[in-house]
Amino acid sequence: MSYVGKKFPSITVDAISEMGDNLKINIFEEAVNHNKKVLLFWYPKDFTFVCPTELHAFQAAVEDFKQRNTIIIGASCDTNEVHFAWLNTAKDNGGIEGVTYPLLADTHRQLAGTLGILDQEVEYTEEGEEVFSGSNVSYRATYLIDETGKVFHESVNDMPLGRNVKEYLRLIDAYTHVQKHGEVCPANWEEGKTAMNATRIGVAEYLSAN
């Protein structure tokens, strides 16, 4: 099920701060109560290979997101204790020391299950018993949520495929432009480029100029 154009599920999940404080975070409320956009990115597991490269890449862009009124929140199905250990492991040892944004610990998989992003399949025996297969961890799913709690972008990568952080900055710029100016953003649009009016005339003018 896609959540684009819909309200993000209002589910409260355990989380941890960079200082090791145990938190309760509701993504929908984070957006609405603080009048912020939220970038929520899921990764499969702590202490793996591609995952720390992504967490450090998002950390390197924290100020860029902040300038765009956007909060970054990471998420996996690991526990707060595992998150804390990873936060206290040096970067050159595969850790994420220096990451300052909170991490969700969706150990009960309530939110990940609701979003439908778990690597999990369920089959049934002739006796009706459930048989689970798959890793039961999340894919690399990403959600951009606006100040009203509505999802305006979602994407899901398979486990081996890391994300391009700059693309999320571009998407936030485009959505903010739409919010401010009511114009739509064509292919490969970037901040500072010409957008277009959502009419046949507007499209024709844009195409003839580009």
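The criterion of at least 3 residues that are over 20 Å from the mean Cα position of the chain (by Cα) is met, among strands (runs of 3 or more DSSP E) falling completely within the range 106-166, by 121-124, 130-133.
For beta carbons closer than 7 Å, sequence separation of 6+ or different chains, a first residue in the range 167-195 that is without any contact (Cβ under 8 Å) to a residue 60 or more places away in the chain and surrounded by 15 or more Cβ atoms within 10 Å (Cβ to Cβ) and a second that is part of a helix (DSSP H, G or I) and not aromatic (Phe, Trp, Tyr), the qualifying pairs are Glu183/His177; Val184/Val178; Cys185/Ala174; Cys185/His177; Cys185/Val178; Trp189/Ala174; Ala195/His177; Ala195/His181. Check whether at least one residue in the range 86-102 is at pLDDT 95 or above, closer than 15 Å to Leu40 by Cβ and within 12 Å of the chain's Cα centre (by Cα), and report yes or no. No, because not a single residue in the range 86-102 is at pLDDT 95 or above, closer than 15 Å to Leu40 by Cβ and within 12 Å of the chain's Cα centre (by Cα).
Elements of the type helices (runs of 4 or more DSSP H) sitting completely within the range 1-87 and holding at least 3 residues that are in contact with a helix residue (DSSP H, G or I) (Cβ under 7 Å, 6 or more places away or on another chain), under 17 Å from Tyr101 (Cα atoms) and in contact (Cβ under 8 Å) with a residue 24 or more places away in the chain: these cover 50-60. You will find that of Glu54, Glu81, the residue that is among the charged types (D, E, K, R) and closer than 26 Å to Glu191 by Cα is Glu54 and no other.
For the range 167-197, the set of residues classified as under 29 Å from Thr53 (Cβ atoms) and not in a loop (DSSP other than H, G, I, E, B) consists of Glu167, Tyr168, Leu169, Arg170, Leu171, Ile172, Asp173, Ala174, Tyr175, Thr176, listed by residue number.
Filter the range 143-166 down to residues that are closer than 18 Å to Pro44 by Cβ and in contact with a Phe, Trp or Tyr (Cβ under 8 Å, 6 or more places away or on another chain) and give me whichever is surrounded by the most Cβ atoms within 10 Å (Cβ to Cβ). In this case the residue turns out to be Tyr143. Is it fair to say Val137 is at pLDDT below 95, in contact with a Ser or Thr (Cβ under 9 Å, 6 or more places away or on another chain) and hydrophobic (A, V, I, L, M, F, W, C)? Spelling it out, it is not the case that Val137 is at pLDDT below 95, in contact with a Ser or Thr (Cβ under 9 Å, 6 or more places away or on another chain) and hydrophobic (A, V, I, L, M, F, W, C).
Scanning the range 92-100 turns up at least one residue that is touching a residue at least 60 places away in the same chain (Cβ under 8 Å), farther than 22 Å from Gly149 by Cβ and part of a loop (DSSP other than H, G, I, E, B).
For the range 60-108, a tally of residues being surrounded by 18 or more Cβ atoms within 10 Å (Cβ to Cβ) and of a type in the set (S, T, N, Q) returns 3. Tallying residues that are in contact with an Asp or Glu (Cβ under 7 Å, 6 or more places away or on another chain), at pLDDT below 90 and among the charged types (D, E, K, R) within the range 154-210 yields 0.
The values are calculated or read from the model by the stated rules, or taken from the named source; none is laboratory data. Owing to the predicted nature of the structure, the values given are computational and were not obtained by experimental measurement. As a convention, Cβ positions derive from the backbone with ideal geometry for all residues, glycine included, and neighbour counts pool all protein chains shown.
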